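Right, one structure below, let's go through it.
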Amino acid sequence: MYQLTINDLTTTQFLKQYWQKQPLLIKRGFTHFVDPIEPEELAGLAMEEAIESRLITNHKNDWQAYHGPFEEFTLLTDTNSTLLVQAVDHWHPSSAMLIEPFRFIPNWRIDDLMVSYSTPGGGVGPHLDQYDVFIIQGQGKRHWRVGMPNPSLKQFAQNKSLLQVEQFDAIIDEVLEPGDILYIPPGCPHEGYAVENALNYSVGFRAPDQKDLLSSFADYLIDNELGNKRYSDADCDQISSVGLIGDTEIDSVQTLMKDLLENKEVFKHWFGTMISQPKHDMDLAPLDEPFSHDALFDYLDPADTVVRAGGVRSVYQVTPEHIILSINGETYCLPATSLTGVKLLTDRSCFTVSQIKNALNCMEFMKVFTKLINEGTYYLQEGDELE
Ligand code: SIN
Ligand code: CO
């Protein structure tokens, strides 16, 4: 397990002073850092159809972008090239461990782990990201510059799929060494060029915008045949201008829409389902012979460990009636008594069978747990060596 130290800050102080406010260089955030993956393994992942990858080259300031999967890596030359692989946590369990130290931020805000390998001079150029990111320096060294958000900075497309930003003033200008970490809030311009062959790990976050939220909410209403109440105006008065839509009518339409948005039960069910949806494919191993819930209950050994598969998104919400558990875009309503079990599934990436055994006495919870084990979203590992 990687142990994170944020300079001399507690996580509470970091959240108050830096999170979404200003970039921070965290020197030796991980001491004695050991890379969870080798460049060759990363290249192997970039050859897979299901895994999103890109190769960027910048020879003599000529920026080129290529999309994976790759059959060979002649473009990854000795200098000025970078290979980037998205959602490595979904496919590589040891790399997924790098996300764990950042789980002082809620699960639903965490997106994925992107890993890049760059040769000297290689990078993706100056750019802005819409989301927070922690960039961890693995093997090698990389020179990073980070600035504060500046609305006057112009963005331009270097290449169809490579959006960059014009030169900016840096408030961080450092060569990162293994275990150093950069925290970059949304909208802060940044650029990093390898000094030596370098691996970098980006823990990225999610922050949906209003249109994403509203269009997903509308899709949810259609799928679940909700939101059928119509506009009505039994109190309609004669007015002098029939061409006018008055403020009272507008208020009524807004109330009609707000009533639905303010229905907490519907809203929470939709939000959990939507936000727990992974953006990238997963590497789950469903059981060849699925358990019935009785058979699983008998099979479970208290000393075994239950492991959440890499990249699985699990969150819960509480309503006065029950607990809404959402895992990878599926939502389950469970009785309030299953809170301990639900917290193990969502707050922890692994736990022992003995910790969850009591919760499994609740049939509704046991059924959900059996489904999760059968589909490989969670899996059993002998002994409690992960604890
Ligand atoms: C990289 O690792 O090359 C890109 C990371 C980033 O700038 O977001
Ligand atoms: Co970036």
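When peptides 163-175, 254-266 are sorted by average Cβ neighbour count within 10 Å, with the highest value leading, the order is 163-175, 254-266. Taking 0.692 mPa s as the viscosity and 37 °C as the temperature, the Stokes-Einstein diffusion coefficient of the chain based on its alpha-carbon Kirkwood radius rounds to 139 µm²/s. Straight-line reach from LYS264: which aspartates and glutamates have a Cα under 12 Å away, not including same-chain ones fewer than 8 places off? Within the straight-line limit of under 12 Å, LYS264 reaches these aspartates and glutamates: GLU321. For the chain, the fraction of 1.4 Å probe accessible surface lying on carbon and sulfur atoms is 51 percent. Mind telling me which of ARG230, ARG28, ARG308 comes out most flexible in a GNM of the chain, alpha-carbon contacts under 10 Å? Residue with maximal mean-square fluctuation among ARG230, ARG28, ARG308: ARG230. Residue separation of MET1 and GLN210 scaled by 0.36 nm, minus their Cα-Cα distance, works out to 71.6 nm of gained length. Bridging of LYS160 to lysines at a Cα separation below 21 Å is possible for LYS60, once same-chain residues fewer than 8 apart are set aside. Sorting 89-99, 121-131 by average packing, meaning the other beta carbons within 10 Å per residue, from highest down gives 89-99, 121-131. In terms of overall dimensions, the C-alpha atoms belonging to segment 219-292 reach 72, 27, 18 Å along their principal axes, ordered largest to smallest. How much length is gained on full extension from VAL242 to HIS59, taking 0.36 nm per residue of separation minus their Cα-Cα distance? Computed gain between VAL242 and HIS59 is 59.3 nm. Peptides 284-291, 142-149, ordered by how many other C-beta atoms sit within 10 Å of their residues on average, highest first, read 142-149, 284-291. Taken about its Cα centre, the chain carries a charge dipole of roughly 1080 debye when the Cβ of each Lys and Arg holds +1 and the Cβ of each Asp and Glu holds -1. Heavy atoms of the protein chains alone define the surface here; on that basis the chain has 52 Å² accessible area per residue at 1.4 Å probe size. Rounded to the nearest Hz, the phi-derived 3J(HN,Hα) couplings of segment 111-120 under the Karplus curve 6.51 cos²θ - 1.76 cosθ + 1.60 (θ = phi - 60°) are 9, 7, 10, 9, 10, 10, 10, 10, 9, x, where x marks glycine and proline.
So which lysines pass the test for LYS258, namely a Cα distance under 22 Å, with those fewer than 8 places away in the same chain ruled out? In chain and number order, the partners are LYS211, LYS229, LYS268.
The values are calculated or read from the model by the stated rules, or taken from the named source; none is laboratory data. Quantities reported herein were computed from a predicted structural model and do not represent experimental measurements. Cβ sites come from the backbone with ideal geometry, for glycine too, and all protein chains shown count toward neighbours. With ligands, DNA and RNA removed, areas are computed over all heavy atoms of the protein, side chains included. Shrake-Rupley method; radii C 1.70, N 1.55, O 1.52, S 1.80 Å.
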